[in-house]
Amino acid sequence: MRKVWIIGLNSFRESLRKKTLYILLVVALIVIGASKAFSFLTAEEELKMIKDVSFSSIEFFGALIAIFISLTTISNEIEKRTIYTLFAKPITRQNFFLGKFVGIVMILFLNFILMTLFFMGLLIFKKSPPDIQVFKTLFLIFIELILIGSITLTVATFASDAFNIIFSVFLYIVGHLTSYGNQLIERTENIILKGLGQMLYTIVPNYENFNIRDKVVVGVEVSWNYVTKTTIYGILYILVVLLIGSYFIQKREI
Amino acid sequence: MKRNWIRIFIALILFIPIGFLQVSIDYSKKLENLESNILLMPGQVAGSLVLSGFKGLAADLLWLNIENYWHSGQHYKMLPLFEAIAWLQPNYIVVWAVGGWHMAYNVFATVRSRGENFYEEFKKMEENIKEKNLKEKAKRIVEEIKVLIEGLARDYEKTDKKIEEYFDITDKCLVEIEEFKKNKKLYEILYGMINVPVEMVFWYRNGISFLKKGIAYNPDRYDLYFELGWTYYHKGRDYPNAVRYLEKAIKFPHPEYVDDVLAHAYEKNGQIDLAIKQWEKLLGTSFDSIAKRAIETLKKGEPFTP
């Protein structure tokens, strides 16, 4: 476990040196800050806009950061040949893979906290301190970001960067549409198609599960029961993805 | 190597609880009203946002478009956007409230001003009508419709029964203008003007039905019941319906002004005893002095609400 932690910490430090990270973070903060520009609207509408823009920015830029950081974290080690030095030490491929995952979670957490603090500052400035629903929304967004990052990391164990980026972005969009797909499946009468559809619906990560922001901003209260179930869903999915990733990293020729 | 396969096996097994969890989450979504509907949005930006799971942001962009259309007076362009936002975020009360108000008040007023334009046009061409009989007839029709338009804009009741009476007038006028068909320009002015009250009623009813649709999505909040009750009370002078919806509004946590409007609605609906009771509820609130005056006046048998 200590080895995993050390690799994670190093991976985190290395990610901090990437300029893409800062560019995305600055753009995200600018976008969140720009939501203050809607002051020509009524107070209620402005607050809704601030929440909408901020939640969306935290998720969107968080997803971009998750994809870009996870994308290169393994391929960089191979390109720079540092992976050989690492494997010369008593470090297993599983340690390496899990360490990378820990590093990604740390960097995502740091970015997430920075963007969230900025958002909270805006809410407090608007004299509307965040309520528990806001925290539930942010929490689920964070779980979603870890899931996105872990999927990209896993794909990085067996595919090229180009394929990975296309796959991850595509999955991000499809993952938000699976609920709609399910509505279509429910109307299908063909049993085979229905079965295949249901299987796909289970296999493809349902990112819409984590999306409660559209409801929270208009005052719908989301229960703890829902948040708990979705969190377990997220954790189980991350576990599945990591198991698949650890299988492929073991098989990979280095 | 064999141990490596176990990982994949466990991963596949884990899809079973994931599948069950997804079913449970879908059920919770239905219970907690967290489901969202797909919609192809007007405009590429909004469409792509919806497809990427940013429905709230898409709704905000459309709302900003509404603001633009509002300030540039393009009232009709706002209508599909209200529908789109309401579809994207059906629990966003402001959209239903503003949309309903916009139709029943603003578009209604825009149509009315078109009636004034037709009237001005008629006045300009009145002198050119050579045949005295036709001129008098056209003048009478225009004046009759003008009175109807002004009445609808001010204080005419807009109950279903009354609206049928207004439509009887417009139908009669439509038959009468048949003989003006030879004078195409005059016919168009008269036809356009007769349609103005019909369209005013159409937009009033559209506002009402938009608010009712909003209530269907948000039945457990006072807001839209109040908006609907107020529209019936103020715009429609349809007091039975106003009372019906305001009574529903006060069943949920609500501000004091809702009770105030209900008290007025009771009085206008002839339910003086209920009006007095309603005013009594407002004693000791910020409406205290008004409530005292209202109770005193109503008990004397005099009208309080102008």
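The values are calculated or read from the model by the stated rules, or taken from the named source; none is laboratory data. The model shown is predicted, which means the values in this text are computed figures rather than measured ones. Cβ placement follows ideal geometry from the backbone for every residue including glycine, while neighbour counts extend to all protein chains displayed.
Here's the yes/no breakdown for (1) farther than 30 Å from B:H254 by Cβ; (2) among the hydrophobic types (A, V, I, L, M, F, W, C):
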| residue | (1), (2) |
| --- | --- |
| B:K184 | yes, no |
| B:I194 | yes, yes |
| B:M200 | yes, yes |
| B:R221 | no, no |
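This table checks each residue for (1) at pLDDT 90 or above; (2) within 30 Å of B:L81 (Cβ to Cβ).
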position	(1), (2)
B:A104	yes, yes
B:T110	no, yes
B:E121	no, no
B:N133	no, no
B:K139	no, no
B:L148	yes, no
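Only one entry in B:I149, B:I129 is part of a loop (DSSP other than H, G, I, E, B) and of a type in the set (A, V, I, L, M), namely B:I129. In the set (1) modelled with pLDDT of 90 or more; (2) within 13 Å of chain B (Cβ to nearest Cβ); (3) surrounded by fewer than 21 Cβ atoms within 10 Å (Cβ to Cβ), A:S150 fails one condition alone, (3). Remark: A:F170 matches the filter, which requires a residue to be in a helix (DSSP H, G or I) and surrounded by fewer than 22 Cβ atoms within 10 Å (Cβ to Cβ).
Annotation: A:K18 fulfils all but one of (1) more than 30 Å from A:D214 (Cβ to Cβ); (2) within 14 Å of chain B (Cβ to nearest Cβ); (3) under 24 Å from the mean Cα position of the chain (by Cα); the unmet one is (2). Return a yes/no flag: does segment B:251-270 have any residue that is without any contact (Cβ under 8 Å) to a residue 60 or more places away in the chain, among the small types (G, A, S), closer than 27 Å to B:E83 by Cα and assigned to a helix (DSSP H, G or I). The answer is no; no qualifying residue exists.
Identify, please: which residue in segment B:15-24 is of a type in the set (A, V, I, L, M) and more than 7 Å from every other protein chain (Cβ to nearest Cβ) and is, among those, farthest from A:Y226 (Cα to Cα)?
B:I16
The residues of segment A:204-234 that are in contact with a helix residue (DSSP H, G or I) (Cβ under 7 Å, 6 or more places away or on another chain) and more than 7 Å from every other protein chain (Cβ to nearest Cβ), listed by number, are A:V204, A:P205, A:F210, A:V216, A:E221, A:V227, A:T231, A:G234. With respect to the conditions (1) modelled with pLDDT under 85; (2) more than 10 Å from chain B (Cβ to nearest Cβ), A:N95 lacks only one, and its number is (1). Inspection of segment B:41-57 finds no residue satisfying the criterion of being at the interface with another protein chain (Cβ under 9 Å from one of its Cβ atoms) and either modelled with pLDDT of 85 or more or more than 23 Å from A:N209 (Cβ to Cβ) (or both).
Residues checked against (1) facing chain A (nearest Cβ under 7 Å); (2) at pLDDT below 85; (3) touching a Cys at 6+ places or on another chain (Cβ under 8 Å); (4) within 17 Å of A:Y201 (Cα to Cα):
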| site | (1), (2), (3), (4) |
| --- | --- |
| B:R7 | yes, no, no, no |
| B:I13 | no, no, no, yes |
| B:K29 | no, yes, no, yes |
| B:S36 | yes, yes, no, yes |
| B:Y69 | no, yes, no, no |
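Residue count for segment B:216-231, restricted to those that are touching a helix residue (DSSP H, G or I) at 6+ places or on another chain (Cβ under 8 Å) and either hydroxyl-bearing (S, T, Y) or free of Cβ contacts under 8 Å to residues at least 60 places away in the same chain (or both): 7. A residue that is of a type in the set (F, W, Y) and within 30 Å of B:Q74 (Cβ to Cβ) occurs nowhere in segment B:172-186. Only one entry in A:S39, A:S70, A:S35, A:S57 is small (G, A, S), closer than 26 Å to B:Q89 by Cβ and at pLDDT 85 or above, namely A:S57. In the set (1) away from chain B (no Cβ under 12 Å); (2) of a type in the set (A, V, I, L, M); (3) over 15 Å from the mean Cα position of the chain (by Cα), A:L177 fails one condition alone, (1).
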